[in-house]
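Accompanying notes for the structure given below.
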Amino acid sequence: MVSDASLQLIDPTQDNYRVANWSATLQASNPPQNLILLTNSWKYNAAGTDLLTAWRAQCYDDSTWAAGRALFWEQMSPQRRQVPTNTYIGFLNPKQTTVYFRTHFNFSANPAGVTLVMTNVIDDGAVFYLNGQEAFRWNMPAGSVAYSTLSSTTIGTATTQGPFSFPAANLVQGDNVLAVEVHQGSTTSSDMAFGMTLDSSGGTSTSYTPGASNSVRGTLAPFHWSGSTKFLRRTTTASRIAPVHANHGLSFIIPAQTRLL
């Protein structure tokens, strides 16, 4: 959807009276983007170790983690698999209370005003972090979450839930990291599942910055005359007429009561 048009100065360091130094653009709504597929690739850690909070950060080194494609699963019988299952995660003894996941996605538009829309297939609960900050939680209690925190309820059969919408407060243009911790409903849980989709909605896309003082859209070469232009300058003495040449960006002032011929 197209909204208001904006007139933007291209290069404030050049002549602001030049028509070529101005341009107009239309602000338009960002087209929806599919950011994460249900069968997306993820790095994951199912070692049964409390990773505290460092693993949520965008710059965290997950190079030693295993990699696989969703849906991740444990003990989902064939008749209960309503979505494709790709990566098996085996339980340890004692069973893991929490399994950690991380993935990257690229957002190419202006993130201002964007809403994220998610669906998920989760057994039993999860907390989602976008670039290190919590963005959403599903079937989890309020308050601080630790490795040992159990989900609010136990999910018998994991099915597609949502869509859920939430503001993209920490979304950036370019590379983003989504980190997810999936929690069990009990320490004796017999199954787990994780997969999700993520899409963007709304926001405005514009290549200019209307309203920003002295904003620079681009850099223009200095304006030059194409050739030599000659004016005749008539002085107050009729007999004194001299040519004035304007060449290579020469600036000059024409006195009052001067006639150009």
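Tell me yes or no: at least one residue of segment 150-160 is surrounded by fewer than 16 Cβ atoms within 10 Å (Cβ to Cβ) and either aromatic (Phe, Trp, Tyr) or closer than 30 Å to ASN106 by Cα (or both). Yes, there is a match, as at least one residue in segment 150-160 is surrounded by fewer than 16 Cβ atoms within 10 Å (Cβ to Cβ) and either aromatic (Phe, Trp, Tyr) or closer than 30 Å to ASN106 by Cα (or both). Of all residues in segment 173-202, those satisfying the criterion of being surrounded by 16 or more Cβ atoms within 10 Å (Cβ to Cβ) and outside any strand (DSSP E or B) are GLN184, GLY185, SER189, ASP191, GLY202. Does ASN170 satisfy the criteria of being modelled with pLDDT of 95 or more, surrounded by 14 or more Cβ atoms within 10 Å (Cβ to Cβ), in contact with a strand residue (DSSP E or B) (Cβ under 9 Å, 6 or more places away or on another chain) and of a type outside the set (D, E, K, R)? The answer is no for ASN170.
So that you can scan it fast, the table gives a plain yes or no per residue for (1) modelled with pLDDT of 95 or more; (2) surrounded by fewer than 14 Cβ atoms within 10 Å (Cβ to Cβ); (3) in a loop (DSSP other than H, G, I, E, B); (4) touching a strand residue (DSSP E or B) at 6+ places or on another chain (Cβ under 6 Å):
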position	(1), (2), (3), (4)
ASP50	yes, yes, yes, no
TRP55	yes, no, no, yes
TYR60	yes, no, yes, no
SER63	yes, yes, yes, no
GLY90	no, yes, yes, no
LYS95	no, no, yes, no
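Report yes if some residue within segment 154-169 is part of a strand (DSSP E or B), touching a residue at least 60 places away in the same chain (Cβ under 8 Å) and under 30 Å from SER63 (Cβ atoms); otherwise report no. Within segment 154-169, not a single residue is part of a strand (DSSP E or B), touching a residue at least 60 places away in the same chain (Cβ under 8 Å) and under 30 Å from SER63 (Cβ atoms). Taken together, the residues in segment 29-56 that are hydroxyl-bearing (Ser, Thr, Tyr) and within 24 Å of ASN86 (Cα to Cα) amount to 4.
Return yes when VAL121 is more than 17 Å from GLY195 (Cβ to Cβ), in contact with a Leu (Cβ under 7 Å, 6 or more places away or on another chain), assigned by TED's automatic domain parsing to the domain that holds THR188 and touching a residue at least 60 places away in the same chain (Cβ under 8 Å) and no when it is not. No.
Within the set PHE105, PHE128, PHE101, the sole residue that is surrounded by fewer than 21 Cβ atoms within 10 Å (Cβ to Cβ) and in a strand (DSSP E or B) turns out to be PHE105.
The values are calculated or read from the model by the stated rules, or taken from the named source; none is laboratory data. Just so we're clear, the structure is a prediction, and the values are computed from it rather than from any experiment. Note that each Cβ is placed from the backbone with ideal geometry, even for glycine, and that neighbours are counted across all protein chains shown.
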